[in-house]
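Structure first, commentary second.
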Amino acid sequence: MSILKVLSAKLDTMTQADRQIAQFIIDHPEQMLTLSSAALAEATGRSQSSVVKFSQKLGYAGYQQLKLAVNKAKALEWHAPGGVIHGSIDASDSYVTILQKLIGSKLLSMRETLAANNEQTIDLALESLVNARKIQLAGVGASSLVAKDFSYKLLKLGRMALIDSDSHIQISNASALNETDVLFALSHSGRSVETLRIAEIARQRGATVISMTGLQPNPLLELADIHLFTVADEERVRSSAITSRDAQLMLMDMLFILMIRMQADAHDFIHNSETAVTVLKAR
């Protein structure tokens with residue numbers, strides 16, 4: 001039984017405080033997915049601790065896990081209408097309409113991604129990255145492109161960053177990690193076999209595992225110590241990774257900028273990197 005049906009079934013037996021939270025989720029599940037625990041508390045007139053306790057009463061470790069369950073319930077209810085080719089874009093849409101929808105979906109994806117990640121979790125990820133001896137990036141398909149982009153940014157800061165398109169080499173690299181290292185695993189589905197295997201090995205080696213996945217429940221979450229999430233409107237109809245890729249890039253860029261802020265000699269490293277490649281540019 002989906003969490004939305006569970007809430008509806010239990011509504012009459014709940015306390016007044018819990019009933020207010022449950023009713024809001026039942027009536028506005030998609031809006032709830034964009035809200036932090038503090039924002040949901042404000043929307044329902046309850047305290048943030050009440051929202052967390054409400055999640056735990058339902059058997060979840062916290063509010064984030066409740067959101068994952070609601071997201072899964074909504075995905076199961078939805079069926080793509082005929083003609084939809086990606087997200088909300090229909091095959092009959094004009095060029096201008098497609099452009100407007102695409103820009104709108106990208107902006108919405110980035111806003112919802114920010115809302116899905118709390119400041120405490122971002123700080124944990126940032127602290128792990130800053131203190132890591134070595135950072136390995138793992139991902140396949142579109143996620144590998146985002147991982148590669150972030151690895152180049154880390155190199156600009158003088159960080160030891162590992163990335164390879166060959167999954168065998170990625171697995172080999174993971175086997176050499178230890179408790180002072182970080183594996184940053186990207187997979188919007190959280191189910192990429194190669195990425196899961198790499199995360200398993202990194203976890204066995206004692207490395208800190210950071211995952212970046214969609215909100216849906218997935219195996220990668222169970223292997224990670226720190227969970228970052230991306231939100232995309234292509235969960236239902238996806239022709240390719242578009243808004244999910246944008247959401248990943250936005251989170252990575254934010255972490256990069258925060259690392260620059262924390263690293264005293266960051267600008268020196270960036271300047272040296274830019275100077276080194278200047279000779280390769282045509283005059």
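The values are calculated or read from the model by the stated rules, or taken from the named source; none is laboratory data. Worth saying up front: this structure is predicted, and the values here are computed from it rather than measured. Because the Cβ atoms are built from the backbone with ideal geometry, glycine has one as well, and the counts that use them run over all protein chains shown.
Quick check on region 149-162. Is at least one of its residues farther than 27 Å from residue 263 by Cβ and in a helix (DSSP H, G or I)?
no
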Residue check for residue 6: in contact with a Leu (Cβ under 9 Å, 6 or more places away or on another chain) and either modelled with pLDDT of 90 or more or crowded, with 18+ Cβ neighbours inside 10 Å (or both): no
Residue among 155, 137 that is surrounded by 22 or more Cβ atoms within 10 Å (Cβ to Cβ) and farther than 27 Å from residue 33 by Cα: 137
Selection count where residues are at pLDDT 95 or above and surrounded by fewer than 21 Cβ atoms within 10 Å (Cβ to Cβ), scope region 202-222: 4
All positions within region 173-198 that are surrounded by fewer than 22 Cβ atoms within 10 Å (Cβ to Cβ), farther than 19 Å from residue 217 by Cβ and of a type in the set (Gly, Ala, Ser): 175, 176
Residue satisfying all of: in region 173-193; at pLDDT 95 or above and not hydrophobic (A, V, I, L, M, F, W, C); farthest from residue 264 (Cα to Cα) among these: 175
